Amino acid sequence: MEEKKEVTHSLHLEKRGHGLITGVTEMKSFDEENIFMETSQGTLAIRSDSFHEVWHRMHHTAGTIPLLAWGVILFAPRFLIGIFSSDQALITDAIPALKLYFGAFVFQALQYVGQTMFKSLGKKKFAIFFSLLRKVIIVVPLTYILPYLFHMGSDGVFLAEPVSNVLGGSACFIVMLCTVMPELKRMAKENSDC
């Protein structure tokens, strides 16, 4: 008979601000006040009045920071490239390439939110699929197709990234909304019925 190996469960909380939980087998539900998860030792419920701060930080990380970085890349590329080189010919050639490559960088935030949500809810296969979709299934073929088939040269190589950001990021986010949000609503309803 095969012996079941027990998964270690631990909870480490530092100054009520940062925490690490191991042994979580399933995220049952979460909202701005409660988190319910199944661990190797049973159900764990965490209640707080300040989870809305976590939501705020997540929105800030996924929204504001990428938007600011995108803005700097698009509107101050000379400054960024100048950090690495003072060669004016190189800077002049690099500015259009940088703008092209990072043109749709903001869509990366959609990928980040979707993959983070999938990983947080134990849907790792979705997270892995969308990572592979964007970087392998979309970028790799476009890196060959755009320069050669459409005669775009090096611009085609740089354009493969923003195209993959738009397609992959949007697909990840839309699938996350269609699969995870109904599940979260169902979990919230179950918790309110308790």
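All of the numbers you see were taken from the coordinates with simple rules; none came from a lab. The shown structure was predicted, so the numbers you read here are calculated from the model rather than taken from an experiment. Please note: Cβ atoms are built from the backbone with ideal geometry, for glycine as well, and neighbour counts cover all protein chains shown.
Observations on the model:
- The P(r) of region 53-176 has a tail past 17 Å containing 63 percent of all C-alpha pairs.
- Order by protection proxy (mean Cβ within 10 Å, highest first), peptides 75-83, 141-149, 159-167: 159-167, 141-149, 75-83
- Here r is the Cβ-Cβ distance between A69 and T92 and R0 is 35 Å; the resulting FRET efficiency, rounded to 0.05, is 0.95.
- Length added when fully stretched, E190-I145, from 0.36 nm per residue minus Cα-Cα: 11.3 nm
- Other residues whose C-beta falls under 14 angstrom from the C-beta of K123 contribute a net charge of +2, scoring Lys and Arg +1 and Asp and Glu -1.
- At R0 = 35 Å, FRET efficiency that the Cβ-Cβ distance of F79 and L132 yields, to 0.05: 0.50
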